[in-house]
Amino acid sequence: MSEQPPIPAPAPAGTPEPEPIRFFGTSWLNRDNGYWLRRVAVSVGALAATAAAVLVLRFGVEGVALSDSGGFVNGLLTAAIVVCSMMAVRRTWKVLTEGKDQLTGWMAEDTSLGAVWLIGGAGSLAAYFARSLVEAPGEGVKRAAYQRAVEQHGKLRAGRSGRPGAKRKR
């Protein structure tokens, strides 16, 4: 009979729970349950998706070049792709390092700049790949939020010590 690991005791009611991260769940908290394997898989997947997105963009640029539109149109298209990719890299990096709630100005626009984010998708995937080499993308933001929640919960618990039904003296 194989020995199974002990089942952890359930957390007391009201204890903060870590938020799951896509592809990692809550394994990022203790870096267990295949965390490192998932990190490698996410990095490889993001790199492959980046390569596929660049290939699609290349086909688009070559299609415009084949139409004999002229050098100006080809240069304008290339510049548009570069600018959109740079904007997408900046936005994705900020989301993964600081959180989506920290986005302001043009970075906070989801609907009106949808075409920019679509064209710059390769840059966004490249930023995701680069961040996955450091940590699970978004882990730093989730870890900081979880630590704040645990500290706040600890302060609340410490403030309630003593007799729960007793009134405070003024």
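A few notes on this one:
- Heavy-atom surface of the chain, accessible at 1.4 Å and reported per residue (Å²): 71
- Mean Cβ count within 10 Å, highest first, over the residues of peptides 62-74, 122-134, 140-152: 122-134, 140-152, 62-74
- Near THR104: Cβ cut-off under 14 Å, other residues only, Lys/Arg at +1 and Asp/Glu at -1. The net charge is 0.
- Rolling a 1.4 angstrom probe over segment 4-117 with all protein chains present gives an accessible area of which 66% lies on carbon and sulfur atoms.
- For the chain, the longest principal axis of the Cα atoms and the long axis of helix 35-66 meet at an angle of about 20 degrees.
- Dipole axis of segment 1-156 (+1 Lys, Arg; -1 Asp, Glu on Cβ), positive-most option in SER85, GLY140, PHE72: GLY140
- Count Lys and Arg as plus one, Asp and Glu as minus one, and take only other residues whose Cβ is under 11 Å from that of GLU135; the net charge is then +4.
- If the segment from GLU19 to GLU109 were pulled out straight at 0.36 nm per residue, it would be longer than the present Cα-Cα gap by 30.0 nm.
- Taking each DSSP H run with n ≥ 4 as -39500 (n - 2.57) and averaging over every residue of the chain yields -20500 deg cm²/dmol at 222 nm.
- In Å², nearest 10: area of ILE21 left accessible to a 1.4 Å probe: 20
- Rounded tilt (10° steps) of 139-159 against the dominant C-alpha axis of the chain: 20
- Degrees, to the nearest 10: 71-98 long Cα axis against longest axis of the chain: 10
- Using only side-chain charges placed at the Cβ, +1 for Lys and Arg and -1 for Asp and Glu, the dipole size of the chain relative to its Cα centre rounds to 1500 debye.
- Of the two radii for the chain, the radius of gyration is 1.19 times the Kirkwood radius, both from the alpha carbons; that is the Rg over Rh value.
- Whole-number percent relative contact order across segment 5-150, with pairs defined as alpha carbons under 8 Å at least 6 apart: 35
The values are calculated or read from the model by the stated rules, or taken from the named source; none is laboratory data. Everything numeric in this text was worked out from a predicted model, so none of it was measured. Don't worry about glycine lacking a Cβ; one is built from the backbone with ideal geometry, like all the others, and counts go over all protein chains shown. Ligands, DNA and RNA are excluded from the accessible area calculation, which covers all protein heavy atoms including side chains. Shrake-Rupley method; radii C 1.70, N 1.55, O 1.52, S 1.80 Å.
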